[in-house]
Amino acid sequence: MKRLLKGGRIIDPSQHIDKTADLLIEAGRVKAIGPNLPAEGASVFDASGLVVAPGFIDLHVHLREPGEEYKETIASGVAAAVAGGFTSVCAMPNTRPVNDNASVTRFMIEKANEARLAGLFPVGAITRASEGSELADMAEMKDAGAVAVSDDGRPVMDAQVMRHAMEYARDHGLVIVDHCQELNLSAGGVMNEGRYSTLLGLKGMHAAAEESHVARDIMLAKLTGARVHIAHVSTTASVEMVRRAKQEGAPVTCEVTPHHLALTDAAVVGFDTNTKMSPPLRSEEDRLQLIRALADGTIEAIATDHAPHHLDEKMLEYDRAPFGVIGLETALGVALTVLYHTGLAPLVRVVEALTIGPAQAFALRGGTLAVGAPADITVFDPDREWVVDPKRFRSKSRNTPFSGWRLRGAVVATLVSGRDAYNAESRAA
C-alpha cells in the first residue's frame, strides 16, 4: 500500500530537513521526500498547514501492567501514546511483579504487539525486585528485548552496587536510567523544599537530594564508561553537572518532563494532588534553567514520566496521595505552548527533543524520516488551540495537572509503519 502525505512542513532534525514537501510511504517505509511526488496508486493525506515529523519517542512511561491494570494497561497506555503522537515508548520496570527477568520483559512486548499501536521498549530492573542489593540478569532481559535498566523510583543507594551495575550494563550494551534521589535526604518529603513548603506546612524535598545523587552517578559513569541517562532532571545544579560532564566527554544524557517545564512549586497551593510528583515541581529559577538547557541541547529529550493513578488514590490528603501524573496526551501541547509559542525554543528544537534526541540517548531505532526507515510519523498542527479535558483521554487514569488548560499545538495523526494508529480527523483527499 502506498500513502502520500502531501504539502506538509517536513521537520526531521536527524537529516537537518525543514521544508515544505511531500512524503511517500510504500510497504510501511519512507520511500521518498520531495516536491510534487506522484500520487498514482497512493492514498493521499492533505498535510498542508501541518508539520510532518518523525514519530515521537518517550523514554519514560509507567504502563502498570502486569499487576496494576486498574490504573493502566499496556493496551490503554499505547493508545494514549499514539493519541499524543508517540510511536514508541520505553516502559519502566516498577510493575507487579517487577520487570527483573526475561519472562516479564517478553510479556510486556507481547501485550504491546497485540495492541498494534505504539511500539514498546521495556526497561528492565537494575536489581532483583528493585530492592537495591542483588543485580538482576541484565543479559537475559536484553535478549528478551530490554533496551535499558533502571530501579526508577527506588534508586540504588549503595554506590558499590551501582558501580557493578554500570559495569554489567556497559558490557551488555544497556543504558542505566537513573532516578536521582538520595532517599535519606528526601525521606518524608512531598514537595520541593522552599518558600511554598514552609507556607503550606508540607515537608519538603531539598534539591540536594537529587543533586548529590546526580554527582555520584556522573562520577561512576566516568569511572566505568557506562552510558548513564539522568531521568526527569529538575534542578539548576543538576543541569550544570550534566553540562560539565558532557563537556568532559562523559557518556551522560538526560531528559526533562513537560510538567517541570511548565509548572513550579507555586502550583501546589490549593493542595491539588495532581501537582505531586517525584522529583517535585521546583522553583521558577529552576524551571527557566531547564528550558534554557533544553533549548541549547544540554537536555536531549522531553519524556513524560507518564504515571497513572486511580482517582481514589489521588483523592487522598496531599501527604498520603501517591506521586505521579500522566502526560502522554498533553506532552506536545504543553511543550509547544511553553517553549515554541513563547519564543524560548524553536520548533525544530522541540521536534528534535521528541524524536532523534531520545532515539540516540537509548540507541533506539526510529526518530528519523530517512528513506528506508519505518514510516513512524507524527503529523501535528502547531497552532491549533484546545482545552485539556481528562474525560476524553485514552489513558485509564485522569491524574493530570493540566486539566482545563488551553494549549496551542495538537496531534492530527500518528502513523506506525505507515498505517493509521491515530487520526483526529479525516483529511483524505
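The values are calculated or read from the model by the stated rules, or taken from the named source; none is laboratory data. Given the structure is predicted, the values throughout are model-derived calculations rather than measurements. All Cβ positions, even for glycine, are placed from backbone atoms using ideal geometry, and neighbour counts span all protein chains on display. Surface accessibility is based on the protein's heavy atoms, side chains included, excluding ligands, DNA and RNA. Shrake-Rupley method; radii C 1.70, N 1.55, O 1.52, S 1.80 Å.
Yes/no per residue for (1) under 22 Å from Cys254 (Cα atoms); (2) in contact with a strand residue (DSSP E or B) (Cβ under 7 Å, 6 or more places away or on another chain); (3) aliphatic (A, V, I, L, M); (4) in contact (Cβ under 8 Å) with a residue 24 or more places away in the chain:
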| site | (1), (2), (3), (4) |
| --- | --- |
| Val156 | yes, yes, yes, yes |
| Asp171 | yes, no, no, no |
| Leu183 | yes, no, yes, yes |
| Val190 | no, no, yes, yes |
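Only one of these is open to solvent by less than 10 Å² (accessible area, probe 1.4 Å) and on the phi > 0 side of the Ramachandran plot: Gly77, Gly85, Gly67, Gly132. Name it. Break it down into steps so the answer makes sense when it comes.
Details: Gly77 fails: on the phi > 0 side of the Ramachandran plot; Gly67 fails: open to solvent by less than 10 Å² (accessible area, probe 1.4 Å); Gly132 fails: open to solvent by less than 10 Å² (accessible area, probe 1.4 Å).
Of Gly77, Gly85, Gly67, Gly132, the one residue that is open to solvent by less than 10 Å² (accessible area, probe 1.4 Å) and on the phi > 0 side of the Ramachandran plot is Gly85.
Within the set Ser76, Ser88, the sole residue that is within 15 Å of the chain's Cα centre (by Cα), modelled with pLDDT of 95 or more and polar (S, T, N, Q) turns out to be Ser88. Residue pairs whose Cβ atoms lie under 8 Å apart, sitting 6 or more positions apart in sequence or on different chains, and linking a residue in segment 14-27 that is part of a loop (DSSP other than H, G, I, E, B) to a partner that is open to solvent by 70 Å² or more (accessible area, probe 1.4 Å) and of a type in the set (A, V, I, L, M), are Ala27/Met1.
Thr337: touching a Leu at 6+ places or on another chain (Cβ under 9 Å), touching a residue at least 40 places away in the same chain (Cβ under 8 Å) and within 16 Å of Ala231 (Cα to Cα), yes or no? Give the steps one after another, and end with the answer.
Values: touching a Leu at 6+ places or on another chain (Cβ under 9 Å): yes; touching a residue at least 40 places away in the same chain (Cβ under 8 Å): yes; within 16 Å of Ala231 (Cα to Cα): no.
Criteria not met by Thr337.
Yes/no per residue for (1) more than 24 Å from Gln289 (Cβ to Cβ); (2) surrounded by fewer than 23 Cβ atoms within 10 Å (Cβ to Cβ); (3) of a type in the set (Lys, Arg):
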site: Asp171; (1), (2), (3): yes, yes, no
site: Leu174; (1), (2), (3): yes, no, no
site: Asp178; (1), (2), (3): no, no, no
site: Asn184; (1), (2), (3): yes, yes, no
site: Gly189; (1), (2), (3): no, yes, no
site: Gly194; (1), (2), (3): no, yes, no
site: Leu199; (1), (2), (3): no, yes, no
site: Met205; (1), (2), (3): no, no, no
site: His213; (1), (2), (3): no, no, no
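Among the conditions (1) at positive phi; (2) open to solvent by 10 Å² or more (accessible area, probe 1.4 Å); (3) among the small types (Gly, Ala, Ser), Gly367 misses just one, which is (2). Say we look at segment 136-147 and pick out the residues that are out of contact with any strand residue (DSSP E or B) (no Cβ under 6 Å at 6 or more places or on another chain) and not small (Gly, Ala, Ser); which of these is least open to solvent (accessible area, probe 1.4 Å)? Per the criteria, the residue is Asp137.
Open to solvent by less than 10 Å² (accessible area, probe 1.4 Å) and either of a type in the set (Phe, Trp, Tyr) or without any contact (Cβ under 8 Å) to a residue 60 or more places away in the chain (or both), is that true of Ala91? In short, yes.
Of the residues making up segment 247-262, those that are closer than 17 Å to Thr304 by Cβ and either assigned to a helix (DSSP H, G or I) or polar (S, T, N, Q) (or both) number 7. Residues in segment 28-81 that are small (Gly, Ala, Ser), outside any helix (DSSP H, G or I) and under 18 Å from His309 (Cβ atoms): Gly67 only.
Of the residues in segment 165-178, none is farther than 19 Å from Ile218 by Cα, within 21 Å of the chain's Cα centre (by Cα) and in a strand (DSSP E or B). Restricting segment 399-429 to residues that are over 18 Å from the mean Cα position of the chain (by Cα) and closer than 29 Å to Leu281 by Cα, the residue that is surrounded by the fewest Cβ atoms within 10 Å (Cβ to Cβ) is Gly404. Screening Gln160 on (1) in a helix (DSSP H, G or I); (2) crowded, with 18+ Cβ neighbours inside 10 Å shows it passes everything except condition (2). The number of residues in segment 244-264 that are over 24 Å from Val61 (Cβ atoms) and either crowded, with 19+ Cβ neighbours inside 10 Å or in contact with a helix residue (DSSP H, G or I) (Cβ under 7 Å, 6 or more places away or on another chain) (or both) comes to 2. The residue that is nearest to Leu220 (Cα to Cα), among those in segment 241-256 that are in contact with an Asp or Glu (Cβ under 9 Å, 6 or more places away or on another chain) and free of Cβ contacts under 8 Å to residues at least 40 places away in the same chain, is Val252. Taking first residues from segment 381-398 that are within 14 Å of Ala83 (Cα to Cα) and partners that are open to solvent by 100 Å² or more (accessible area, probe 1.4 Å) and modelled with pLDDT under 95, no Cβ contact under 9 Å between residues at least 6 apart in sequence or on separate chains turns up. As a summary of the residue check, Ser150 satisfies the conditions (1) under 30 Å from Val269 (Cα atoms); (2) out of contact with any helix residue (DSSP H, G or I) (no Cβ under 8 Å at 6 or more places or on another chain); (3) crowded, with 16+ Cβ neighbours inside 10 Å except for the one numbered (1).
Return yes when Glu40 is surrounded by fewer than 21 Cβ atoms within 10 Å (Cβ to Cβ), within 23 Å of Ala118 (Cα to Cα) and free of Cβ contacts under 8 Å to residues at least 60 places away in the same chain and no when it is not.
On the way: surrounded by fewer than 21 Cβ atoms within 10 Å (Cβ to Cβ): yes; within 23 Å of Ala118 (Cα to Cα): no; free of Cβ contacts under 8 Å to residues at least 60 places away in the same chain: yes.
Considered against the rule, which asks whether it is surrounded by fewer than 21 Cβ atoms within 10 Å (Cβ to Cβ), within 23 Å of Ala118 (Cα to Cα) and free of Cβ contacts under 8 Å to residues at least 60 places away in the same chain, Glu40 comes out as no.
Scanning segment 378-398 for residues that are out of contact with any Lys or Arg (no Cβ under 6 Å at 6 or more places or on another chain), more than 28 Å from Val44 (Cβ to Cβ) and either open to solvent by less than 30 Å² (accessible area, probe 1.4 Å) or of a type in the set (Val, Ile, Thr) (or both) turns up Val388, Phe393, Ser395.
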